[in-house]
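J.: I have a structure here, written as structure tokens, and I will follow up with some questions on it.
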Amino acid sequence: MARALQILTLLENADGEPMPLGDIARGIGAAKSSTSNLCQVLEDGRMISRTATGYVLGRRTVELGGAFIARFNQIREFYSYCTSAPLLGHEVVQIAMLDGTDVLYLARHEGRAPMRLSASIGSRFPAAPAAVGNALLTTMTDAEIAARFTGPQHFPRRTDHSVQTLDGLLRKIRLARTRGYAIDDNEVHPGIYGVAVVLPPWASGDQSLAMGASLMAAQASEPFVASIVEELMLAVDQLSNPLVRRPADG
């Protein structure tokens, strides 16, 4: 089971490029014969597919991903909200969840000018530089953040502006708590300015999500960012569970 999961992870990290059997065997530290048997089981279950040059993830992984995403009530309303929003309707808008020191992207509205550099559904990015990651970290205490971000491996230098230390991250999170939203000023991709807010859990026990917009840095003037934040805050109101926000009297 562990090696089967390793195979799926290797193919996920291959970004859609077919991976030859030999490369998979080396990646999981197993003989080609046993790796071939594992791949056959995964192929029979439609978890992977064989091409002329190697293996790729199969359609079943998409089905399972869809079932996972369907757990989150806000995502079902996310797309209709973005389509009708005057400004966000034109931008790339995403929903993400926190997973360790990374963020995992669950939904994406393309807007009128899709950005190839921004994350697609299922992508992982480091939480420290990303606006959605910072928004989610505002739900944690400084001590909890410090216990999670314990080394330089959690602060990859994606651009010259990427936060590089725990102290720098905590300063960003404190500012985000104060203003009510998080920003990423060219920290994940050069020329991209991110703004994000927290979507409260739909029900007790659910995980918080973050909703963020990726803007061209050249257009991220203070008035424009303020208008984007206003629409994101309206999304928080519309995508939150009214029974959680406003418990019934009595």
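The values are calculated or read from the model by the stated rules, or taken from the named source; none is laboratory data. These figures come from a predicted structure and were not determined experimentally. Virtual Cβ from ideal backbone geometry, glycine too; neighbours counted across all protein chains shown. These accessible areas exclude ligands, DNA and RNA; they are computed on the full protein's heavy atoms, side chains included. Shrake-Rupley method; radii C 1.70, N 1.55, O 1.52, S 1.80 Å.
J.: Here are some residues: 226, 235. Which one is open to solvent by 10 Å² or more (accessible area, probe 1.4 Å), assigned to a helix (DSSP H, G or I), more than 23 Å from residue 102 (Cα to Cα) and of a type outside the set (D, E, K, R)? Don't jump to the end; show me each part of the working.
T.: Numbers: 235 fails: open to solvent by 10 Å² or more (accessible area, probe 1.4 Å).
That would be 226, the only listed residue that is open to solvent by 10 Å² or more (accessible area, probe 1.4 Å), assigned to a helix (DSSP H, G or I), more than 23 Å from residue 102 (Cα to Cα) and of a type outside the set (D, E, K, R).
J.: Just the residues that are on the phi < 0 side of the Ramachandran plot and in contact (Cβ under 8 Å) with a residue 40 or more places away in the chain, please, taken from region 170-184. So that I can check it myself, show each step before the final result.
T.: Going residue by residue through region 170-184, those that are on the phi < 0 side of the Ramachandran plot are 170-179, 181-184.
The answer is 176, 181, 182, 183, 184.
J.: For a quick check of your reading of the model, give me the residue pairs whose first member lies in region 95-111 and is in contact (Cβ under 8 Å) with a residue 40 or more places away in the chain and more than 18 Å from residue 169 (Cα to Cα), whose second is of a type in the set (Lys, Arg) and buried (at least 21 other Cβ atoms within 10 Å of the Cβ), with beta-carbon atoms closer than 6 Å and at least 6 apart or on different chains.
T.: Filtered contacts from region 95-111: no entries.
J.: Continuing with this model, one more query. In region 1-40, how many residues are modelled with pLDDT of 90 or more, within 14 Å of residue 58 (Cβ to Cβ) and of a type in the set (Asp, Glu)?
T.: Of the residues in region 1-40, 0 are modelled with pLDDT of 90 or more, within 14 Å of residue 58 (Cβ to Cβ) and of a type in the set (Asp, Glu).
J.: Working only within region 18-38, note down all residues that are in contact (Cβ under 8 Å) with a residue 24 or more places away in the chain and either open to solvent by 50 Å² or more (accessible area, probe 1.4 Å) or closer than 19 Å to residue 52 by Cα (or both).
T.: 18, 19, 20, 21, 23, 24, 35, 38
J.: Right, here's the next one. Looking at 14, 2 in this structure, which one is open to solvent by 50 Å² or more (accessible area, probe 1.4 Å) and either over 19 Å from residue 122 (Cα atoms) or of a type outside the set (Lys, Arg) (or both)? First the steps, then the outcome.
T.: Working: 14 fails: open to solvent by 50 Å² or more (accessible area, probe 1.4 Å).
Testing whether each residue is open to solvent by 50 Å² or more (accessible area, probe 1.4 Å) and either over 19 Å from residue 122 (Cα atoms) or of a type outside the set (Lys, Arg) (or both) leaves just 2.
J.: Let me ask something additional. Just checking, does region 165-178 include any residue being among the hydrophobic types (A, V, I, L, M, F, W, C), open to solvent by 30 Å² or more (accessible area, probe 1.4 Å) and more than 26 Å from residue 14 (Cα to Cα)?
T.: To start, the set of residues in region 165-178 that are among the hydrophobic types (A, V, I, L, M, F, W, C) comprises 166, 169-170, 173, 175-176.
Now drop any that are not open to solvent by 30 Å² or more (accessible area, probe 1.4 Å), which leaves 166, 175.
Cutting the leftovers down to more than 26 Å from residue 14 (Cα to Cα) gives us 166, 175.
Yes, some residue in region 165-178 is among the hydrophobic types (A, V, I, L, M, F, W, C), open to solvent by 30 Å² or more (accessible area, probe 1.4 Å) and more than 26 Å from residue 14 (Cα to Cα).
J.: For region 192-216, which residues satisfy the criterion of being hydrophobic (A, V, I, L, M, F, W, C) and surrounded by fewer than 14 Cβ atoms within 10 Å (Cβ to Cβ)? Outline the logic, then answer.
T.: Of the residues in region 192-216, the ones hydrophobic (A, V, I, L, M, F, W, C) are 192, 195-199, 202-203, 209-211, 213, 215-216.
Within region 192-216, 203, 216 meet the criteria.
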